[in-house]
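All of the numbers you see were taken from the coordinates with simple rules; none came from a lab. Keep in mind that what you see is a predicted model, and the values were worked out from it rather than measured. Backbone-built Cβ (ideal geometry, glycine too); neighbour counts: all protein chains shown.
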Amino acid sequence: MSDSRPEVILPEIPGKRYFTIGEVSELCDVKTHVLRYWEQEFARLKPVKRRGNRRYYQRQDVELIRQIRDLLYHQGYTIQGARQQLQESRQQERAPELAIAVGEARVAPSLGSQTPDTVWQLAVEEMIDDLEEIAQMLSRQA
């Protein structure tokens, strides 16, 4: 069920390297406590933590938060549904990169100049993200 909030036009993301949680809250129209909660629920959302455990988000984090916000507040997904939707969209984005023939060291033509090592590295990174998400789900059930 979708949120009764009216669709808000979000401000443009400034060309900065890092954003504080307060700035991200304003850029995404999401309260800070919700952002902290989403960090627990979405494995890909990992702000850099520095002095005193202060969070610093990067541009890709802000874009991901906006995507999560849209899925939850406007498209009516549950947390689990949003997680699944993000994972599926990420797999679709990476599908050409991971198109490797099983048992062969051939790379799909759509990879352009990427080497098989680069493709394997991307595949391993994807698996690590998936495993971290599974570990988080298991720790919540324990």
*Measuring from label point to label point, each 7 Å out along Cα→Cβ, what is the Arg44 to His74 span in nm?*
1.7
*What is the gain in length, in nm to one decimal, between Trp120 and Arg36 on full extension, counting 0.36 nm per residue of separation less the C-alpha to C-alpha distance?*
27.0 nm
*Approximate spin-label separation Gln141-Gln92, in nm, with each point projected 7 Å along Cα-to-Cβ*: 2.8
*Assuming a ≥ b ≥ c are the square roots of the Cα gyration tensor eigenvalues, decide whether the range 1-62 counts as rounded (a/c under 1.5), prolate (otherwise, with a/b larger than b/c) or oblate.*
oblate
*If you bin every alpha carbon distance in the range 34-82 into 5 Å steps from zero, what whole percent lands in each bin?*
5, 20, 30, 24, 12, 6, 3, 0
